[in-house]
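Below you'll find the structure, written out as structure tokens, and then a few comments.
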Amino acid sequence: MTDATANTPADPKPKPKTSLLAADARTNARNAAEKRFQYFGLAAIAAGAFFLVVLVFAILSNGLPAFKQAVVKMDFTLTQAQFDEAESATLKTKVYTGYFISALEQKLQAEGVTAQFDAKAIDRILGKVGGQMRGFYRENPDKIGQEISFELPAASRVDRYLKGGFTRADLTSDNRFFHQSDFDLVDALKDAGIVRSAFNWTFITGVDTGVDNAGGAGIGASVLGSFLMMLVVLCLALPIGVAASIYLEEFAPKNRFTDFIEVNISNLAAVPSIVFGILGLAVFIQFMHLPQSAPLVGGLVLTLMTLPTIIISTRASLKSVPPSIRDAALGVGASKMQSVFHHVLPLAAPGILTGTIIGLAQALGETAPLLLIGMVGFIARYPDSFLGGFEGPNSAMPAQIYNWASRSDVVFTEKAWGGIIILLAFLLTMNIIAIILRRRFERRW
């Protein structure tokens, strides 16, 4: 017999004893990798927050001046004899301008200020003040003989001068818009308290004024145009999108045709918005001959663009409802239609409303489709009636901002930044409403 232990190999080197309480090298390396990943995530969040702060600072610093405007405040009394004399003259606005200059001279003399100015200087500082005064007294004849406190908007260059964006060094020579002597006149009016800065309500409630009067331009008509378009989108996209989602999710058979529809809906959500603008131009304007530049056409185009987003979000909300809800309804004798509309749809309503509001917010900020249907080729005005506003030419906030940004005057650029603030306020409000609705009606399973 042979010894069995003679051929056994020698015992390997014994492993060092380890403890569960002490981390080994591999554990330390893994923990270090996790720490680095956390630092990378914090760095990404910090970078995103930094750029967000820079963006908000840029928008506010450039846009907030648009909400303030230099105005000329003047107490003025027009007698009946002066009104009759001005209306009987050939150059009526010139007579009103003379009245204003005479009253302004008396006020400056009472303040102890001596300034040389004439009608042309007043036109450069205030614009056509005579036309503004004549329009006021013709619309309000009962104000004749009463002391009226006028707050007339100053010219854009005066506004920039008081805000620090326009200095004497910037004016190399006199031109038809401003003279070097006008700086002294503006300083004198400012010291007398006649020229001052005030909140620019005209920017919020006014309309675009073309390229000649940047200081008087407002975004009010464009806000109304956006509101009318959102009404069209809400009235069309919500019922169509919800109905299509319910059918595809609850009733449609699972075959190649429905799969083809679902794939194309997902693809439409990623189509650039300008494609929908081309489609709207070809179908709604050139084929159906709907009015160009109308909020109705803009709403139809934005409806096509918003439908995929609403359908996708609605289907996701319907899928989130547990199948047990459907089974329980069917088990007690409810029909398929009753189980969907009495049980599934109410539970999915928060997600549906949230997706709809997000889709509307996305449509509110679109510009490219509106450019193709001509909502920037004119000066926006308030419609004569509410229903007439859907068919009449108008603009929208993004289109108006684009229009102002494309102009050369610095004041229009300031207005564009201010319009961005108003647009972001609308978008922020809509997203807050979406969050509130979700938290108010959401149920956790």
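The residues in segment 150-170 that are of a type in the set (D, E, K, R) and touching a strand residue (DSSP E or B) at 6+ places or on another chain (Cβ under 9 Å) can be counted, and the count is 4.
Residue pairs whose Cβ atoms lie under 6 Å apart, separated by 6 or more positions or on different chains, with the first residue in segment 185-207 and closer than 15 Å to residue 217 by Cα and the second among the aromatic types (Phe, Trp, Tyr) and surrounded by fewer than 16 Cβ atoms within 10 Å (Cβ to Cβ), are 200/67. Entry remark, segment 221-248: residues being within 20 Å of the chain's Cα centre (by Cα) and surrounded by fewer than 19 Cβ atoms within 10 Å (Cβ to Cβ) number 3 in total.
Restricting attention to segment 272-323, the residues being without any contact (Cβ under 8 Å) to a residue 12 or more places away in the chain and on the phi < 0 side of the Ramachandran plot number 8.
Looking only at residues in segment 49-85 that are among the charged types (D, E, K, R) and in contact with a strand residue (DSSP E or B) (Cβ under 6 Å, 6 or more places away or on another chain), the one that is surrounded by the fewest Cβ atoms within 10 Å (Cβ to Cβ) is 75.
Residue selection: residue 102 fails the criterion of being in a loop (DSSP other than H, G, I, E, B) and free of Cβ contacts under 8 Å to residues at least 24 places away in the same chain.
Here is a yes/no grid of residues against (1) in contact with a Leu (Cβ under 6 Å, 6 or more places away or on another chain); (2) of a type in the set (Gly, Ala, Ser); (3) closer than 21 Å to residue 108 by Cβ:
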| site | (1), (2), (3) |
| --- | --- |
| 144 | yes, no, no |
| 151 | no, no, yes |
| 168 | no, no, no |
| 172 | no, no, no |
| 182 | no, no, yes |
| 189 | no, no, yes |
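Working only within segment 323-337, note down all residues that are assigned to a helix (DSSP H, G or I) and loosely packed, with under 13 Cβ neighbours inside 10 Å. Result: 323, 324, 327, 331, 336, 337. Checking 150, 178, 136 one by one, the residue that is in a helix (DSSP H, G or I) and among the aromatic types (Phe, Trp, Tyr) is 136 and no other.
Would you mind stating whether residue 74 is assigned to a helix (DSSP H, G or I) and not charged (D, E, K, R)?
Working: assigned to a helix (DSSP H, G or I): no; not charged (D, E, K, R): yes.
In short, no.
Taken together, the values in this text are just the output of simple stated rules run on the coordinates, not laboratory data. Here the structure is a predicted model, which means the values were calculated and not measured. As a convention, Cβ positions derive from the backbone with ideal geometry for all residues, glycine included, and neighbour counts pool all protein chains shown.
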